[in-house]
Every structure is written in structure tokens, then in C-alpha cells.
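Mind looking over this structure? Questions follow.
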Amino acid sequence: MIIKKRRVLSLNDLRILKEGQLIRFGVSNLNRFKDQLNMVGFSSRLEPGETVLPSPEFGPVSKRNAEGSYIIHRDRPMETVYRTVKWTWKQWAGRGKTIEVSDFVDVPYKRYPRTFIPPYSIELTLMITEKGEKYVVTPLLEYSMENKSMLIHAINLVLELFGECEILDDELKTILKPKIIRLNWEMLPPGKRPWEKLREEIDPFIKNAKKGNREVVLHRIEIINSYKPDFVAIGKAGFRGYIVFGFTMKNTFVLESIFTNNATYIFDSNWEELSKLTKAEILNENLQKARIIHFKGWDEKIDALLNES
């Protein structure tokens, strides 16, 4: 997985990792970064094993990494501190002569109290795989919420230096973002079914509706089912309360809800793609072919759309 951002503020991009997993952050294909690597401190030879603490001149993250930082407490009274300066003056040397004399003195001034945050001092190392691929990587770091600040800092350090950050395991293998398999829908056995059979199968679904609304919900579902859908899928988890009727030959998919004052959505998208979308994408991004409000005239509009398909 590769992160390409100016910086990260959280570990959201690493949610695929397991607590306690050991990982590195770095970059590969080093020919792309010859100038940056030289500025960071690596030699032009790029020999495996070279390890450097990145120059603090590269940017604010590199500076904090090498030199630390301060928390300034502006909510506290100012305090008197001293800075050392070189003070030069002319001193009488006799016989009408003066000489220039210098000394170092401590000059007081006021400032807000501050707390020093020690540097993380993350070094980067050039490593090579058995296949001869070169990487510049951080040390192994443990993925955990206790280590959150260090992990965010390490990612931002690599991003500042190279503009991207690859997530690697302890064997320098890329940690791939897994294919998302959403489990939001339960498919009923395929095939057309009489209303009595479907009524029995969706009984747990109907019980999620408010008691006074169940007859209305059943009425809408019975009407849609009368057009003989090829399959029915019932929503689970965050999709609880939604049911999909698929008319695959017509490339029409009807999303119905048990909630009153809602709407029926008609889609002409492929069901496989539709089922991979988030709830927000389905309901809020105008992907539907039609949206029929649960109001007077609903039956006629459903009939027109499903007969038209």
C-alpha cells in the first residue's frame, strides 16, 4: 500500500493492519529519488546498509525528527529566561588609547514557558531484497495505538522527503490493501417465488418495521414482488431495513425500505457493482434511475417504471 499525501493526521490509512504487527515505512524504485536521497544524506553509491538521520534542513518534520520541538504554554504567565549574546565594547588602555573588548553575557527576556519534546531520531536505512530491489526504510515499528504518535511522525517524515510512503512488512513485502468484501446483503435463494413463500422468508425483515407500519411495508413489497423479480436480497447490519428486488433481464434493481416517509430507489446498474457501494453512495450520490417517494401515487409510478423496463 502506498500513501500519497502531503501529510497524515491519523492512522486511518493503516486500519487494515493488526495490533502488534511490525511494519516499516519507506520507498522503492530509488532511481526516482536520486536528488532527494543525496539531500537526505545517502551516498551516490547507495550501498545496502547505509543508514542516516535525515537532514533537519529538509523540512519541519525532518527538523523535529532530528532536533525535537517545543510545546509553548501560552496559557501560563511569562517567565524570565536568558539568552547568551556577545557583548563588545571599547576599554580605556591608557595614554589616550582604547582597545576593543568582547565578552559573552546572559541577557534576560520574557517568554511563555515551554516544554521540550525530544526528537524521535528516526534513521533511514538502505536495504536490499533477495531479488536485488533496493528500498530506503525506517526501522521496524510496532503498529499499536500506544505507538500512534511515532507512526504518524514516521509516515510524515517519509512523505516530506519523498512525496509518497510505502507500507512494508518486516520482509520488505508490500502490505496490500485487501479487496473489500462487503457483507451488507443476504441473498435469498434465487428464482421467482409466490407471495406466500416470500412473505414467510421476509418475516424477520418485516419485524424490524414499526408495528403500525408493517401492513404498509408488506403492501409495497407485495406489489414489487408481483412483477416477478429474479432474486431478492435483504440488507444486514447498517443496511438493515432495506430489501433489493433484482430484475436481471431488465437490468433493473429496486431498493425498498421498511421506513415510512422514505423512498423506493430504482437502479439500472449491475447488481454486483451496486452491492459493493456504501450506503452513502447508494442513497446520496444520485446513482439511481428514479426515486419514488412513499406517498400518494406510489403504486402507479412503480407500475410505470417496471412495465417500462
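The values are calculated or read from the model by the stated rules, or taken from the named source; none is laboratory data. Here the structure is a predicted model, which means the values were calculated and not measured. Ideal geometry is used to build each Cβ from the backbone, glycine not excepted, and the neighbour counts take in all protein chains shown. When the accessible area is computed, the model is the full protein with side chains, heavy atoms only, and any ligands, DNA or RNA have been set aside. Shrake-Rupley method; radii C 1.70, N 1.55, O 1.52, S 1.80 Å.
May I ask you to list the residues in segment 5-19 that are over 22 Å from MET127 (Cβ atoms) and out of contact with any Leu (no Cβ under 8 Å at 6 or more places or on another chain)? Please lay out each step first, then the result.
To start, the set of residues in segment 5-19 that are over 22 Å from MET127 (Cβ atoms) comprises 5-13, 15-16, 18-19.
Those that are over 22 Å from MET127 (Cβ atoms) and out of contact with any Leu (no Cβ under 8 Å at 6 or more places or on another chain): LEU9, SER10, ASN12, ASP13, ARG15, ILE16, LYS18, GLU19.
Also: Look through TYR227, TYR265 and report the one residue that is part of a strand (DSSP E or B) and either of a type in the set (Ser, Thr, Tyr) or at pLDDT below 75 (or both).
Details: TYR227 fails: part of a strand (DSSP E or B).
Exactly one of TYR227, TYR265 is part of a strand (DSSP E or B) and either of a type in the set (Ser, Thr, Tyr) or at pLDDT below 75 (or both), namely TYR265.
Here's a follow-up. Hey, among the residues in segment 211-220 that are within 22 Å of ILE302 (Cβ to Cβ) and basic (Lys, Arg), which one's surrounded by the most Cβ atoms within 10 Å (Cβ to Cβ)?
Just the residues of segment 211-220 that are within 22 Å of ILE302 (Cβ to Cβ), to begin with: 213-220.
If we keep only those that are basic (Lys, Arg) as well, we get 214, 220.
Details: ARG214: 14, ARG220: 20.
Filtering first and then ranking leaves ARG220.
Given the criterion aliphatic (A, V, I, L, M), out of contact with any helix residue (DSSP H, G or I) (no Cβ under 7 Å at 6 or more places or on another chain) and within 24 Å of LYS173 (Cα to Cα), identify the matching residue among ILE72, ILE23. Please lay out each step first, then the result.
On the way: ILE72 fails: within 24 Å of LYS173 (Cα to Cα).
ILE23 is the lone residue from the list that is aliphatic (A, V, I, L, M), out of contact with any helix residue (DSSP H, G or I) (no Cβ under 7 Å at 6 or more places or on another chain) and within 24 Å of LYS173 (Cα to Cα).
Follow-up question, since we're still on this one. Working only within segment 51-65, note down all residues that are of a type outside the set (D, E, K, R), modelled with pLDDT of 85 or more and surrounded by 13 or more Cβ atoms within 10 Å (Cβ to Cβ).
Of the residues in segment 51-65, the ones of a type outside the set (D, E, K, R) are 51-56, 58-62, 65.
Cutting the leftovers down to modelled with pLDDT of 85 or more gives us 51-54, 59-62, 65.
Hits for segment 51-65 are THR51, VAL52, LEU53, PRO54, GLY59, VAL61, SER62, ASN65.
Now, a different point. Pairs, please: C-beta under 8 Å, at least 6 apart or cross-chain, first residue touching a residue at least 12 places away in the same chain (Cβ under 8 Å) and in segment 96-112, second β-branched (Val, Ile, Thr) and open to solvent by 80 Å² or more (accessible area, probe 1.4 Å)?
PHE104/THR84; VAL105/THR84; ASP106/THR84; VAL107/THR84
While we're looking at this one, here's another question. Within segment 88-133, which residues are loosely packed, with under 12 Cβ neighbours inside 10 Å and in a loop (DSSP other than H, G, I, E, B)? Give the derivation first.
Initial filter on segment 88-133 (loosely packed, with under 12 Cβ neighbours inside 10 Å): 88-111, 115-116, 118, 121, 130-132.
Residues satisfying the conditions are ARG95, GLY96, PRO118, SER121, GLU130, LYS131, GLY132.
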